[in-house]
Amino acid sequence: MPNKRKKILFTIPNFDTAGSGKAMLKIIQRLDKNLFEPHIACNHDRGAFFKVVKDSGIPVHIMPTTTSMKNKLNGVKTCWKMRKFYREHHFDLVHSYHYSDDYSEALSVRMAGVKWVYHKKNMNWGGNGWKLRSLLANGIFAQNLNIYEDFFNKASKVMYCSSGVDLNEFYPKPPSEDLMKEFNLTPETKVIVNVANLVPLKGIEVLFKAVETMTFPSGSDFRIFIVGDDTTEYGHELKSHAKRLPIPVVFTGKRMDVAAFLSLADFFVFPSFKEASPVSFLEAMASGTYSLGSNIPGLKDQLKELPQQLFQVGDHEELKHKLELAIQLTQDEMKQVIDQQLKIIREQFSLAIEVEKHEIMYKKLLSIS
């Protein structure tokens, strides 16, 4: 008789912004269903992406999996009660996609006698929360080499596992005809793209400052597209700044057709001040777009073989110089860079590789041969 499938619960606070939720769902959908039975738990059913999750057919449990630990005694009592959920559903392992240093979920899961792993997907560290979270974990996924080496010193229960890109969705393709019409673009239009929800951490003003004094080829038609939620205070500040630029800036708002926008892009610029493993940058590389990024953890991993495409964090003059050089590349020179980007993605940062690493961790913890 075949072994019973192992039940894995994936926990995430919500699907409001969709970024982490989308990445998590892609992993879940590609797990070996002969070995694993995935479930999802989140706090509520709001968020634009929740319907996609519900329609996937994966069982979803609406319930909080964390509690406040400010009052330690009350927190422990609540964790003891919460443990019943994991026992009643006979989960074999819980994988947390929570972003914060909460350790209450780990405590309640371990009280239930269930294995618990988490994704370390931000660059925050220090404090007892992260230490307790890591101590309670049976396994940890580190999203970049700085996290793996500096935070965890390559500990045996930690696995380096970068974000991966879905090569069935993101690959070089002709420019989207629908978007060409929507934004009145011509085949001669050169497009610079950034994809981000607009918060100060994303550093979009660095791109704007770089472009402000750039020299563009005579008679050229350049546009900047900022794809993401622009309703924030920072978004409004950027819109004011954009009026001073020598080329038009299009704020698209939140869009689900990111792959289509990347099909338009000649250049992708990612000037963020802090990221762990930005998926949008991988998606741009996989789409055949010349990609420039700030020299931060995560991006350093993705561009370690193309260091000339990194610029110092916040240095708009260096970014300006690198953009001007990129614009001057011949077709053959550009093709060489794009081909190398595609090779890096296929060999190191595909979704298939990320899924394989998840399965390796699960099999090890659940003693699956």
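Over the Cα atoms of region 144-241, each weighted equally, I'd like the Debye log10 I(q)/I(0) at q = 0.14, 0.17, 0.25 Å⁻¹, rounded to two decimals. For region 144-241 at q = 0.14, 0.17, 0.25 Å⁻¹, log10 I(q)/I(0) is -0.83, -1.02, -1.26.
Which shape class, rounded, prolate or oblate, goes with region 177-348 when its Cα gyration tensor gives a ≥ b ≥ c as root eigenvalues, a/c under 1.5 marks rounded, and past that a/b bigger than b/c marks prolate? Walk me through the numbers before you get to the answer.
On the way: a/c = 1.27, a/b = 1.13, b/c = 1.13.
Judged from the Cα gyration tensor, region 177-348 comes out rounded (a/c under 1.5).
Out of Leu282, Ile204, Ala260, whose Cα points farthest toward the positive end of the dipole of region 177-348 (charges: +1 Lys, Arg; -1 Asp, Glu; placed on Cβ)? Among Leu282, Ile204, Ala260, the one farthest towards the positive end of the dipole of region 177-348 is Ile204.
Each Lys and Arg adds +1 at its Cβ and each Asp and Glu adds -1 at its Cβ; summed about the Cα centre, the chain shows a dipole of about 2160 debye.
Modelled spin labels at Thr213 and Lys4, positioned 7 Å past Cα toward Cβ, are 6.9 nm from each other. Estimated purely from DSSP H runs of n ≥ 4, each contributing -39500 (n - 2.57), the mean residue ellipticity at 222 nm for the chain is -11000 deg cm²/dmol once divided by its residues.
Site pair Val52 and Glu237 shows an inter-label distance of 2.9 nm when each label is modelled 7 Å from Cα along Cα→Cβ.
Positive end of the dipole of the chain (Cβ unit charges, origin at the Cα centre): among Ala137, Gln309, Val250, the Cα lying farthest that way belongs to Ala137. Extension gain for Lys364-Asn124 works out to 83.6 nm (0.36 nm per residue, less the C-alpha to C-alpha distance).
For region 209-243, the residues whose amide N sits under 14 Å from a probe point set 7 Å from the Cα of Met334 along the beta carbon direction are 217, 220-223. Work out the FRET efficiency for Leu325 and Ile353 from their Cβ-Cβ distance, taking R0 = 30 Å, and round it to the nearest 0.05. E between Leu325 and Ile353, to the nearest 0.05, is 0.45.
Our coupling estimate for region 266-275, obtained by passing each phi through the Karplus curve with A = 6.51, B = -1.76, C = 1.60 and θ = phi - 60°, is 8, 9, 10, 10, 10, x, 4, 8, 7, 8 Hz, Gly and Pro reported as x. Label separation (Leu73 vs Asp150): 4.0 nm, computed from points 7 Å beyond Cα along the C-beta direction. If you sort the three axes of the alpha carbon gyration tensor as a ≥ b ≥ c, you get a/c of 1.5 or more for region 330-369 and a/b above b/c, which makes it prolate. Listed options for semi-axes √(5λ) of the Cα gyration tensor in Å are (1) 47, 25, 17; (2) 33, 27, 21; (3) 40, 21, 20. The value calculated from this structure is the one marked (3).
Using the structure shown, select from Lys300/Lys343; Lys300/Lys320; Lys51/Lys181; Lys70/Lys202 the pairs with a Cα to Cα distance greater than 22 angstrom.
Check vs 22 Å cut-off fails for Lys51/Lys181; Lys70/Lys202.
Listed values for region 242-254 are Karplus-derived 3J(HN,Hα) couplings in whole Hz (6.51 cos²θ - 1.76 cosθ + 1.60, θ = phi - 60°), namely 4, 5, 8, 7, x, 10, x, 10, 10, 9, 8, x, 5, and x replaces Gly and Pro.
Rg and Dmax of region 213-262, based on Cα coordinates, read 12.6, 35 Å.
Pairs of alpha-carbon atoms within less than 8 angstrom and 6+ residues apart define the contacts here; what relative contact order does the chain have, in percent?
15 percent
Take 327-340, 90-103, 23-36 and order them by the average number of nearby Cβ atoms within 10 Å per residue, most first; the result is 90-103, 23-36, 327-340.
Each value in this text was obtained by applying a stated rule to the coordinates, not by laboratory testing. As the structure is a computational prediction, the values presented were derived from the model and not from experiment. As a convention, Cβ positions derive from the backbone with ideal geometry for all residues, glycine included, and neighbour counts pool all protein chains shown.
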